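Read the structure below first, then the notes.
The values are calculated or read from the model by the stated rules, or taken from the named source; none is laboratory data. Since the model is a prediction, treat every value here as computed from it, not as a measurement. With ideal geometry, Cβ positions are generated from the backbone for all residues, glycine too; neighbour counts draw on all protein chains shown. Side chains included, ligands, DNA and RNA excluded: accessible areas come from the protein's heavy atoms. Shrake-Rupley method; radii C 1.70, N 1.55, O 1.52, S 1.80 Å.
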Amino acid sequence: MLTGRRAATVGGNMRNAVEPAKKSRIVRLLLRDKWLYFMLLPGVVYFILFKYLPMWGVVIAFKNYQPFLGFWESSWVGLKHFNRFFSEPTFWMLFRNTVILALYNLVFFFPLPIVVALMLNEVRQEFPKKIIQTLVYIPHFFSWVVVVGIFYILFTVEGGVVNEVIVKLGGDPVNFLISAKWFRTMIMTEVVWKETGWGTIIFLAALAGVDPGLYEAARIDGAGRWRQLWHITLPAIRSTIIILFILRLGHFMDTGFEQIILMLNAMNREVGEVFDTYVYSVGINQSQFSYSTAVGLFKSLVGLILVLVTNTLAKKAGEEGIY
């Protein structure tokens, strides 16, 4: 009995001695890297102020929010706004348009930065490589207002270059800008032109970390460029591709408010209206704050579920995932 008490006392003393040692070690590490944490501080403050604190605002999705009453005094209505949203005749139109554009993004846009990065990686001379990189990066820095304005000038029936070429080739002018048939094609063309180059940055960084000795060994074994690409390059960036794919699914329902609102008109609204523009229409224009918050929360929950599912599947397949 005494032995047991003595052992417990010794164990307690050891724990009491270890805990201050751990704390002092953490303090030393923090002091050692204090400037790194100082540089990290603006990013942390940004996410706290503009990402985490606004999350409390989703409470109005379950209330009949009145601005003069505030968040806490407005009356609770439970799932009323969600029931209304799912019973609206426009729900399936919004859902269809959003999902189709999201799938277009995944199928046509997501692979393009990978392809461009692989092509740039094959350019051996630095000068032309830098020139090409600069040219494909530049459109990213244009605002959507500028991009849509450029496409308007190119595709308008009133002197647009594209329609001028069509007429000279013997065809009839096509009003791309108000055509429901061409709306999604125009949206994807703008996205590809604006964002493909910028999307290559992460993949080029991943490719820079591939051991050149692997290519040397493959060449000695008689592997050509295509076999090196298939057996060395793609496996080296596979984890990066999967992580970015998972993160992209988190924004699956985000189809780009600015671009679409600028391209929308009465003629293409049936195929162009998406959740983002609908939230703006009912939330800002009609001041239905609680209802529009419920719509936005539904959209976010879909993205969260997709991330959780794809991350679980990735980990089961032996990949790292995002957590």
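Observations on the model:
- With the simple model of a label 7 Å out from the Cα in the direction of the Cβ, LYS316 to PHE127 spans 5.4 nm.
- In Å², nearest 10: area of TRP198 left accessible to a 1.4 Å probe: 100
- Sequence of MET55, MET39 from largest to smallest accessible area, 1.4 Å probe: MET39, MET55
- Added length on full extension, which subtracts the Cα-Cα distance from 0.36 nm per residue, LEU169 to TRP76: 27.2 nm
- Simple spin-label estimate for PHE142 and LEU301 in nanometres, 7 Å along Cα-Cβ: 3.9
- Ranking LEU79, PHE127, TYR323 by how far each Cα lies toward the positive end of the dipole of the chain (charges on Cβ) leaves TYR323 at the top.
- The relative contact order of the chain comes to 22 percent, based on Cα pairs under 8 Å that sit 6 or more residues apart.
- Note on the chain: with charges restricted to the Cβ of Lys and Arg (+1) and Asp and Glu (-1), its dipole about the Cα centre is near 1660 debye.
- Ranking HIS251, PHE141, GLY171 by Cα position along the charge dipole of the chain, where only Lys, Arg, Asp and Glu carry charges on their C-beta atoms, puts HIS251 farthest toward the positive end.
- For HIS251, solvent-accessible area (1.4 Å; no DNA, RNA or ligand), Å²: 100
- Distant-in-sequence amide contacts of LYS63, defined by a placed amide H-H separation under 5 Å and a gap of 5 or more residues or a different chain, comprise VAL77.
- Among (i) 17.2; (ii) 15.5; (iii) 30.4, the entry that matches mean projected area of the Cα convex hull in nm² as calculated here: (iii)
- Paramagnetic reach from VAL309 in segment 233-251 [backbone N under 14 Å; point 7 Å along Cα→Cβ]: 246, 249-251
- Projected label distance in nm at PHE50 and TRP35, using a 7 Å step from Cα toward the beta-carbon: 2.7
- Shape call, segment 140-232: gyration tensor on alpha carbons, a/c limit 1.5: prolate
- The accessible surface of the chain, taken with every protein chain in place and a 1.4 Å probe, is 69 percent carbon and sulfur.
- Label-reachable residues, segment 64-100, where backbone N falls under 17 Å from a point 7 Å from MET267's Cα toward its Cβ: none
- Area accessible to solvent at PHE38, 1.4 Å probe radius, in Å²: 130
- Alpha-carbon centroids, segment 190-210 and segment 80-95: separation in whole Å: 37
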